[in-house]
1. Going through the stretch 206-255, which trypsin sites (Lys or Arg not before Pro) have at most 15 other Cβ atoms within 10 Å and a DSSP loop state?
2. Run the dipole for the stretch 2-171 about the Cα centre, Lys and Arg Cβ at +1, Asp and Glu Cβ at -1, nothing else charged, and hand back the magnitude in debye, nearest 20.
3. Once you have the Kirkwood Rh of the chain from its Cα pairs, apply Stokes-Einstein at 4 °C and 1.567 mPa s and quote D in µm²/s.
4. Please rank 11, 117, fewest neighbouring Cβ atoms within 10 Å first, as an exposure proxy.
5. Taking R0 as 41 Å, what FRET efficiency do you get between residue 106 and residue 31 from their Cβ-Cβ distance, rounded to the nearest 0.05?
6. In Å, what Rg and Dmax follow from the Cα atoms of the stretch 241-315?
7. I want to verify a result. In a Gaussian network model of the chain, Cα cutoff 10 Å, which of these has the top mean-square fluctuation: 224, 129, 38?
8. Once phi is turned into ³J(HN,Hα) by the Karplus curve 6.51 cos²θ - 1.76 cosθ + 1.60 with θ = phi - 60°, what whole-Hz value does each residue of the stretch 252-269 show in order, with x for glycine and proline?
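Taken together, the values in this text are just the output of simple stated rules run on the coordinates, not laboratory data. Given the structure is predicted, the values throughout are model-derived calculations rather than measurements. Note: ideal-geometry Cβ built from the backbone for every residue, glycine included; neighbour counts use all protein chains shown.
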Amino acid sequence: MFSRIMATGSYLPDKILTNQDLENIVDTTDQWITERTGIKQRHIVADDQSTCDLAEFAARNALEAADIDPQSIDLIIVATTTPDRVFPSTACLLQQRLDIHGCPAFDVQAVCTGFVYALDIADKFIKTGAAKRALVIGAETLSRIVDWTDRTTCVLFADGAGAVIIEASEEPGILSTHIHADGSFAELLTTNGGITDVGPDGLDNILIEMKGNEVFKMAVNTLGRIVDETLSANNMQKSDIDWLVPHQANIRIINATAKKLKMSTDHVVTTVQNHGNTSAASVPLALDTAVRDGRIKRGETILLEAFGGGFTWGSALIKY
Ligand code: ACO
């Protein structure tokens with residue numbers, strides 16, 4: 001038994017923050033952000049919206065594309081770094097919204113690699129017969145934990161959600177998944193606090209901290225290795241890949257991976273210019289963009305990859 005992607009969906013909040021807008025917030029320029037990251041604009045959640053709201057829009061978008069009854073979903077996994085609450089999980093909050101009862105629902109926290117982790121887990125549920133149809137989502141409201149006085153990070157992160165529905169299939173869809181972590185790098189990309197640090201004022205002011213340049217070098221090297229690992233596990237050549245759908249952190253990191261694959265940029269899905277880095281939402285958002293605009297077609301081979309805080313990294317090779 002294999003799993004295959006039935007349908008994709010996504011959602012971006014209405015508010016757009018451009019590089020020019022950021023010039024009025026911190027000491028930066030459109031030119032610096034464009035040249036160093038590739039980002040031109042990003043979407044920011046409305047004050048009254050939560051991660052679960054974004055996840056619900058993306059989920060309904062995918063359910064509509066799949067044209068299935070939500071009651072047939074028997075597993076819900078939400079990858080997020082910015083859950084609505086400490087508990088219940090965002091997946092349980094979403095399950096309630098979708099009026100689905102009884103099936104397992106849980107969150108996965110692997111920062112920018114979260115969606116690849118969630119897909120890996122859902123694929124294993126299906127392969128073992130524990131589920132038949134899974135809703136897998138990456139959703140983030142990262143703007144809520146961005147330090148808007150830190151020009152080295154606030155220009156990067158953004159909000160959004162992407163979803164896929166995968167189902168059991170006799171034909172291979174998800175060919176392989178590969179997930180890794182090395183917690184010894186935790187301090188290079190982290191938040192300045194968490195539950196341990198809750199003071200009398202409650203859980204307030206948790207902000208992203210990143211040593212960008214060190215993360216950059218690790219990301220390029222590690223993603224190069226995971227490309228090799230994925231191809232070798234499937235006995236495939238670089239030329240067998242039709243599409244690279246990478247985590248959208250920085251155009252220079254994406255281009256380095258494309259170069260490693262000897263892939264022309266027209267076979268690389270890039271949304272970073274419009275979406276910024278939406279962490280766990282970035283890969284499913286990019287996937288849905290290229291599925292809906294007709295670039296990715298049934299039967300094509302797609303390599304998904306991601307790298308993020310932890311450090312965590314992973315890939316999925318998919319016959320769409
Ligand atoms: N505007 C203008 N100047 C800036 C800005 C800015 N927004 N940000 C930094 N600079 C300056 C720095 O202060 C520095 O100045 P100095 O030389 O006078 O000290 C200079 O630009 C170069 O800074 P670097 O940090 O070396 O710049 P770099 O080329 O590495 O780009 C960036 C920074 C974009 C953050 C890059 O390192 C990067 O993309 N890192 C990886 C991010 C990533 O992949 N994260 C993993 C996923 S995220 C997750 O898991 C949540």
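1. Numbers: sites: 211, 217, 225, 238, 252; in loops: 211.
Qualifying residues, ordered by number: 211.
2. Using only the charged Cβ atoms, the result is roughly 360 debye.
3. Values: Rh = 19.4 Å.
In µm²/s, the coefficient rounds to 67.
4. Lowest count first: 11, 117.
5. Details: r = 43 Å, r/R0 = 1.05.
Here the calculated transfer efficiency is 0.40.
6. 11.5, 34
7. Maximum fluctuation in the GNM of the chain, among the listed residues, is at 129.
8. 6, 5, 4, 5, 5, 5, 4, 5, 4, 7, 6, 9, 6, 5, 6, 10, 10, 7
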